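Structure first, then comments.
The values are calculated or read from the model by the stated rules, or taken from the named source; none is laboratory data. Note that the coordinates shown come from a computational prediction; the quantities given were computed from them, not determined experimentally. Glycine also receives a Cβ, built like all others from the backbone with ideal geometry; neighbour counts cover every protein chain displayed. Surface areas here come from the heavy atoms of the whole protein model, side chains and all, with no ligands, DNA or RNA. Shrake-Rupley method; radii C 1.70, N 1.55, O 1.52, S 1.80 Å.
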Amino acid sequence: MKKRTILIAAAAVSMVIAAAGCGKSTPDAAKTIQAADTATADDVATSSEISEDNPEVKKMEATEKPKAPALSKMGTITMPDFSTIEVTTAPETVVDDEMVNQQIQYILPQHLMEVDGPAEEGDTVNIDYEGTINGEAFDGGSSKGYDLKLGSGKFIPGFEDQLVGAKAGDKVTVNVTFPADYQQADLAGKAAQFAVTVNTIKRVPTELTDEWVKSYDQTTAQTADEFRQQIKEMLEANYDYQYHSYIQQEALQQLVDQSDITLSDEMKQYGIDFMIYSNVQQAKQYGVGLADYLNQYNQYGISLDDFKKEMESEGEQYAKQYFILKQIAKDQGIEATDALIDKLADDMTTMSGTTYNRIKLIEQYGGETVKNEVVNNAVLEYLEGQVKVTVQDEAAAETDAAASATEAAAETEAAAASESSAAENIAVGTSSAAVETANIGETTAAAETTAAAN
């Protein structure tokens, strides 16, 4: 199985999957008239699940972000000549008009435009509504300022259909019957009437216009042409990041493998603690505790002991990478400077579309985190400049990509069949979370840009 690389610093933007649970919550009042039940944790619980009350889980959840020991207390290290390291990479992606258009089509639905005409299926209507049964209001049957996408099937059958054709300002009487098997027994099978006021109607724009750009608060552009250029620069910056990050990752991993490293006990513990801390933080990003986070892998037979062993293995890998980068920083006299912090802010601005400066970075992420990020970035850039880099021709790159996909599929199949392989998969989701500066960057913008472009 191919050895994973745990990145200590992954350049300007850390690709953390943090948007999975970030959708708007549904108001309690609206939940009553939603169409379907949602399974709860109790519905899928099994006796083999890790309990949130487990003392070991509680201890790990209480782990604070550890402070690395001084370089002199990390252990001993002997590194090879950097020029002996060889990295083979695919050519850097060239951004074309089609890729820019794809990205724009991905972004347009994120900011709907208000329309004056009648509502159509697919439009989002903002409504106030009050429901009654036999003239009497019922619990959960009313809400104000609720956004409902027509045709989504989110509300009980017939509700959304009766709003098609309505205009902003219209008052509509919606007559529906709750399904016979509705989750609230006291409402099941009953006829209800809703007094609905349509506040606004918004629609996905069909094309990029100056008007849309001016209303979109995630850009400094004022015209469609300026926005298109901004998107192109963002894509180019992200692909440039991916290209150089791959080289740096591979070079760092080879350097770890070829170096003679003996970690001190203090440094080993630092690596373990940091990996545990990172997993706990990633679980929080998904809005769950560590026990629930680990139980997602329960289908593979993963136990708490498996997780602890994985943290020891990944922690040692992380500690070695950290040790190497700090040693190179010392050897080369690389330190955090205002110029490096400004460069990070500029890179993040270009990659995410959100404006950053030195002050905003430090206020948002903390001075120590920002300093570590810029030093590690500078070290990785230095390392990239020292190793031998071979750029494949496109045909060879495509062949390697297909082989990598086949290998990944084989590893996934093996993981599903093997408890030990499954245990290793825990860390697949933590590679980014194990980054020293995992909170740096507009993660959603970077991840979405890459996904849409591909």
* the range 337-352 - phi-based ³J(HN,Hα) in whole Hz, Karplus 6.51/-1.76/1.60, Gly and Pro as x -> 10, 4, 5, 5, 5, 4, 5, 4, 4, 5, 4, 5, 4, 5, 6, 9
* **Accessible-area composition of the range 144-236, carbon plus sulfur, in percent [1.4 Å probe]** => 45
* Structure fact -> Of the listed pairs Lys59/Lys343; Lys67/Lys330; Lys284/Lys309; Lys65/Lys388; Lys59/Lys360, those with alpha carbons more than 29 Å apart are Lys59/Lys343; Lys65/Lys388; Lys59/Lys360
* Structure fact -> Expressed in square angstrom to the nearest 10, the accessible area of Glu250 with a 1.4 Å probe stands at 50
* **Extension gain, Val115 back to Asp393 (0.36 nm per residue minus Cα-Cα distance, nm)** => 95.1 nm
* Could I have the simple spin-label model distance between Gln162 and Asp305, label points 7 Å from Cα toward Cβ, reported in nm to one decimal? => 6.1
* Give the cross-link partners of Lys149 among the aspartates and glutamates, using a straight C-alpha distance below 15 Å as the criterion and excluding same-chain residues fewer than 8 apart. => Glu114, Glu120, Glu121, Asp123, Asp128, Glu160, Asp161
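If I take R0 = 56 Å and measure r between the Cβ atoms of Asp225 and Gln296 in this structure, what FRET efficiency does the formula 1/(1 + (r/R0)^6) give, to the nearest 0.05? Working shown, then result.
Values: r = 45 Å, r/R0 = 0.80.
About 0.80, to the nearest 0.05.
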* What's the FRET efficiency of Asp81 with Glu211 using the Cβ-Cβ distance as r and R₀ = 45 Å, to the nearest 0.05? -> 0.15
* On the accessible surface of the range 332-383, probed at 1.4 Å, how many percent belong to carbon and sulfur atoms? -> 49
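Give the peptides 91-104, 320-333 in descending order of average Cβ contacts within 10 Å, highest first.
Ranking, from highest mean packing down: 320-333, 91-104.
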* Structure fact -> Taking protein heavy atoms only, a 1.4 Å probe, and rounding to whole percent, the accessible area of the range 251-317 owed to carbon and sulfur comes out at 39
